[in-house]
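Peer 1: After the structure tokens below, expect a handful of questions from me.
The values are calculated or read from the model by the stated rules, or taken from the named source; none is laboratory data. Here the structure is a predicted model, which is why all the values come from computation and not from measurement. Every residue, glycine among them, receives a Cβ derived from its backbone with ideal geometry; neighbour counts consider all protein chains shown.
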């Protein structure tokens, strides 16, 4: 079952199923398309707070959204009153607790939609398959299907939160982000080493992302857990999702990785189509 997620996860889910870390300023859409301008602006604010790692100042919100400061102040005040944003003792603003319930429901539904596609990959490959998303500066696992024939306990249980730099899913999601944004994220997380194989410098991680882009998939070579190898691909689009196959080194040789690429990409494409038809 899914465990309760944080307000950051909720905002990611509510704001178009995930904010893209350190991307271009989240400018609201222009009015006149039949939408409500204040709603466009409110969600732009929520996404911008998520992009900033969950906490931001009013002046930075104005800079990142391109909205006038009085407008930002009025909208943020409304969001605070509703519980979707909270003011910190530092006078900065963070994502609020009322987003949690929305995010829990959305992440459960997302895992439900994705499960048949994850199951197809497990059937084809015989290893555990995971669905994960970038929530603020961390990866959170929101879905998993495990094969019945293997009894080895895996360490990517649903609800677990980890730093992106030690995971294949994190690498897959961040591979196409601007380098400056990735370095900013790494600066916030600190790049602690989980094992002796973990990448612990920004330069090493950036070089790894170049390889991910070139080959179309990401690897975790015992960087998160000793004795465990993982391969991941990003879900196309702006969902900030990735799917991965993980298993012990004894079963996760290069041949197994090669066999996994096509089924993982098919599943990722199918999940992207699910998201587009349900949006």
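Peer 1: Considering only segment 81-101, I want to know if a residue exists there that is under 26 Å from residue 43 (Cα atoms), modelled with pLDDT of 85 or more and in a helix (DSSP H, G or I).
Peer 2: Within segment 81-101 (the criterion being under 26 Å from residue 43 (Cα atoms), modelled with pLDDT of 85 or more and in a helix (DSSP H, G or I)), the answer is yes, since at least one residue qualifies.
Peer 1: Looking at 12, 106, can you tell me which residue is within 18 Å of residue 137 (Cβ to Cβ), surrounded by 15 or more Cβ atoms within 10 Å (Cβ to Cβ) and at pLDDT below 90?
Peer 2: 12
Peer 1: Quick check: is even one residue across segment 186-199 at positive phi and in contact with a strand residue (DSSP E or B) (Cβ under 6 Å, 6 or more places away or on another chain)?
Peer 2: Taking every residue of segment 186-199 in turn, none turns out to be at positive phi and in contact with a strand residue (DSSP E or B) (Cβ under 6 Å, 6 or more places away or on another chain).
Peer 1: Let me ask something additional. Can you run down the residue pairs with Cβ atoms below 9 Å, 6 or more apart or on separate chains, where the first is in segment 109-130 and not assigned by TED's automatic domain parsing to the domain that holds residue 218 and the partner is part of a helix (DSSP H, G or I) and surrounded by 24 or more Cβ atoms within 10 Å (Cβ to Cβ)?
Peer 2: none
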